[in-house]
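The values are calculated or read from the model by the stated rules, or taken from the named source; none is laboratory data. Computed from a predicted structure; not experimentally measured. As a convention, Cβ positions derive from the backbone with ideal geometry for all residues, glycine included, and neighbour counts pool all protein chains shown.
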Amino acid sequence: MTVTTIPTGPTGLGTSSIRPRSASGTTSTGAASTGNQEQPVRPIPSLYHHPVPEPEPALVAEVDRRTKEWAVHEVDLYPPEWEDDFEAFGTGRSVCLAYPEAGGLDHLEAAAKLLVAENAVDDCYCEDHGGSPHGLGSRLLMAHSALERPYAVVPYEQQWQDQLQSEPPCRAYQSAMQAFDALTADQIRNREIHDLARLHLGYLAEAAWSIDEVVPTVPEYLMTRQYNSFRPCLTIVDAIGGYVLPADLHDHPKMQQVFALAALASTLVNDIYSYTKELRTPRPHVNLPTVLRHHEGLSEEAAYFKAIEIHNDVMHRFESESASCAAELPNPLTVRFLRDVAAWVDGNHWWHATNTRRYTLPGFVPAE
């Protein structure tokens, strides 16, 4: 792996790309900061996307009600002081936008529980609700064991179970996967566990960058964003839709290419819309604009808009490869699945672009 060492400064996940600010409001690399110049979030005019209709408010409200009941009363996931963050996320609207052809309310609830559990692992083990790059491997190993239980001699299995139950994110992972299991086939559960392992691998790569105080190269960052991505949400579109994509179609290289491109495109959307939010966190994140600033010497504004161009290129390739995949694998389930993946990508963008409680845009984004 190619690394670039940068001066010692703030520590913690993602801080390798952010240097202390000078009195003039610039970073030590010379790139200007957005500071307080932010504007309300909305669809970014130059960002390639497809608008989607709003889901039924009553459906969103019921998914939110069920999910909160589960998080608070069944798995005791978060303390009362985190409730505002939980509400601001908009879990019900997120899954209703992303899975418009869901098989029913129970399917949307299962997707919501998995999403909340994944976010809890990220927030509590990696991010600003107690996370750290140090010791992350052991925490993620325990979390993953909640999805794919280990087997040992009985006394040690009980010790594992006791430790797992003492960790709220692990309880949430285990409970969410049990709810998902009840609705789908074993092969889809195994796919989801595999993609969650990919997600954990991406978390560990980012932790290593932070500990080593390096900024990944642009190719390294884009590679990692295919692992630390929304892929676990994408891989279950058939299960949430109430059907199963057969293994010969799911595992085909063309389909896997579509998956990788969809995961990357949708995750770069997060980089772009969460940019100002991440700059405000105690431990700012490595994201595509900051990597471009560091390695290509761009201004903050130029790096941001180059990140948009890269996203757009990935989106166009995703759509082209989806069409190619449908032609090479002629099957009604192929078409249905690819359509559901595209709907997830579109719904994910719309959730980011309209979540006014969570995101803002930098001041240099032009008005529509």
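Specify which of the listed residues (VAL95, VAL116, VAL60, VAL72) is part of a helix (DSSP H, G or I), farther than 27 Å from ALA342 by Cβ and aliphatic (A, V, I, L, M). Talk me through it step by step, then tell me what you get.
Details: VAL95 fails: farther than 27 Å from ALA342 by Cβ; VAL116 fails: farther than 27 Å from ALA342 by Cβ; VAL60 fails: farther than 27 Å from ALA342 by Cβ.
When all the criteria are applied, what remains is VAL72.
Criterion first (of a type in the set (A, V, I, L, M) and in contact (Cβ under 8 Å) with a residue 24 or more places away in the chain) does LEU140 satisfy it?
Values: of a type in the set (A, V, I, L, M): yes; in contact (Cβ under 8 Å) with a residue 24 or more places away in the chain: yes.
Judged against the criteria, LEU140 is a match.
Need the failing condition index for ASP346 against (1) of a type in the set (Asp, Glu); (2) within 20 Å of the chain's Cα centre (by Cα); (3) farther than 24 Å from PRO45 by Cβ, just the number.
Unmet condition: (3).
Is it true that ALA263 is free of Cβ contacts under 8 Å to residues at least 40 places away in the same chain, buried (at least 21 other Cβ atoms within 10 Å of the Cβ), of a type outside the set (Lys, Arg) and farther than 21 Å from SER210 by Cβ? It would help to see each step written out before you state the result.
Working: free of Cβ contacts under 8 Å to residues at least 40 places away in the same chain: yes; buried (at least 21 other Cβ atoms within 10 Å of the Cβ): yes; of a type outside the set (Lys, Arg): yes; farther than 21 Å from SER210 by Cβ: yes.
Criteria met by ALA263.
Residue under question is ARG171, and the condition is that it be more than 18 Å from the chain's Cα centre (by Cα), at pLDDT 95 or above and not aliphatic (A, V, I, L, M); does it hold? Talk me through it step by step, then tell me what you get.
Details: more than 18 Å from the chain's Cα centre (by Cα): yes; at pLDDT 95 or above: yes; not aliphatic (A, V, I, L, M): yes.
Here the answer is yes, as ARG171 does meet what is asked.
In the range 297-308, how many residues are in a helix (DSSP H, G or I) and either in contact (Cβ under 8 Å) with a residue 60 or more places away in the chain or more than 20 Å from the chain's Cα centre (by Cα) (or both)?
8
Select, from SER94, SER145, SER132, the only residue that is modelled with pLDDT of 90 or more, within 22 Å of ALA207 (Cβ to Cβ) and surrounded by 13 or more Cβ atoms within 10 Å (Cβ to Cβ). Full working, then the answer.
Details: SER94 fails: within 22 Å of ALA207 (Cβ to Cβ); SER132 fails: modelled with pLDDT of 90 or more.
On inspection, the qualifying residue turns out to be SER145.
In the range 213-226, is there at least one residue being touching a strand residue (DSSP E or B) at 6+ places or on another chain (Cβ under 8 Å), over 30 Å from GLY242 (Cα atoms) and of a type in the set (Asp, Glu)?
Going through the range 213-226, the residues touching a strand residue (DSSP E or B) at 6+ places or on another chain (Cβ under 8 Å) turn out to be 213-214.
Subset that is over 30 Å from GLY242 (Cα atoms): 213-214.
With of a type in the set (Asp, Glu) added as a condition, the list becomes 213.
Yes, because at least one residue in the range 213-226 is touching a strand residue (DSSP E or B) at 6+ places or on another chain (Cβ under 8 Å), over 30 Å from GLY242 (Cα atoms) and of a type in the set (Asp, Glu).
Residue pairs, Cβ under 7 Å, 6 or more apart or interchain, first in the range 234-260 and under 15 Å from TYR99 (Cβ atoms), second at pLDDT below 95 and of a type in the set (Ser, Thr, Tyr). List them.
From residues that are under 15 Å from TYR99 (Cβ atoms), the pairs are ALA239/THR184.
Does at least one position in the range 204-216 carry a residue that is more than 19 Å from the chain's Cα centre (by Cα), within 16 Å of MET142 (Cβ to Cβ), surrounded by fewer than 17 Cβ atoms within 10 Å (Cβ to Cβ) and modelled with pLDDT under 95?
no
Could you tell me which residue of the range 140-168 is farthest from the chain's Cα centre (by Cα), considering only residues that are over 28 Å from ALA239 (Cα atoms) and charged (D, E, K, R)?
That would be GLU157.
Could you count how many residues in the range 242-293 are assigned to a loop (DSSP other than H, G, I, E, B) and farther than 20 Å from PRO332 by Cβ? Give the steps one after another, and end with the answer.
To start, the set of residues in the range 242-293 that are assigned to a loop (DSSP other than H, G, I, E, B) comprises 242-246, 251-252, 274, 281-287.
Checking the rest, the ones that are also farther than 20 Å from PRO332 by Cβ come to 274, 281-287.
Number of matching residues: 8.
Quick one: what pairs do we get from the range 351-368, first residue touching a residue at least 40 places away in the same chain (Cβ under 8 Å) and of a type outside the set (Lys, Arg), second in a helix (DSSP H, G or I) and surrounded by fewer than 20 Cβ atoms within 10 Å (Cβ to Cβ), C-beta under 6 Å, 6+ apart or different chains?
So the pair list comes out as TYR359/LYS277; PHE364/GLU301.
Please verify whether GLU300 is surrounded by 19 or more Cβ atoms within 10 Å (Cβ to Cβ) and not aromatic (Phe, Trp, Tyr), treating the condition exactly as stated.
Values: surrounded by 19 or more Cβ atoms within 10 Å (Cβ to Cβ): yes; not aromatic (Phe, Trp, Tyr): yes.
Yes.
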